[in-house]
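Each remark here refers to the structure printed beneath this line.
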Amino acid sequence: MIRCPECSAEIDVDEDEVEEGEILSCPECESELEVSQTHPVHLNIISEDLDDDDDDDEEEDEVGENGDLPEDDEEDDEEEDEE
C-alpha cells in the first residue's frame, strides 16, 4: 500500500499498473501526485505554486535580468545628468 506524501492517506496503487510520470490524485486531500519511481512506487506532490513562479519570471523581465532599468530609461537618466 502506498501513502500520500501530503496527508498520509492510503492510496491503492498496483506497482505493475502504474508508469513513471503518471499523475494520480489522492482520494483524501485531492493532491495531484506524480509517480516518480515504480518498483517500489514513489509519489511526489505536484506543486500548485508553479503558476506563481511564472508570474515572478515575467516581472523580472520587465525590470531586467540583473535588476537594471531597461536601456531606454538609462538614456533618460544620462540626459538629466547632463543638464
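Every number in this text was worked out from the coordinates using simple rules, so none of it is lab data. Predicted model only: the values in this text are computed from it and were never measured. Don't worry about glycine lacking a Cβ; one is built from the backbone with ideal geometry, like all the others, and counts go over all protein chains shown.
I'd like the residue in the range 1-17 that is outside any loop (DSSP other than H, G, I, E, B) and touching a Cys at 6+ places or on another chain (Cβ under 9 Å) and, out of all such residues, is farthest from Leu43 (Cα to Cα).
Taking the range 1-17 as the starting set, the residues that turn out to be outside any loop (DSSP other than H, G, I, E, B) are 2-3, 10-11.
Subsequent filtering for residues that are touching a Cys at 6+ places or on another chain (Cβ under 9 Å) retains 10-11.
Values: Glu10: 12, Ile11: 10 Å.
Only one residue tops the list, namely Glu10.
Filter the range 21-38 for residues that are surrounded by 12 or more Cβ atoms within 10 Å (Cβ to Cβ), of a type in the set (Asp, Glu) and assigned to a loop (DSSP other than H, G, I, E, B) and give the result.
Residues satisfying the conditions are Glu22, Glu28.
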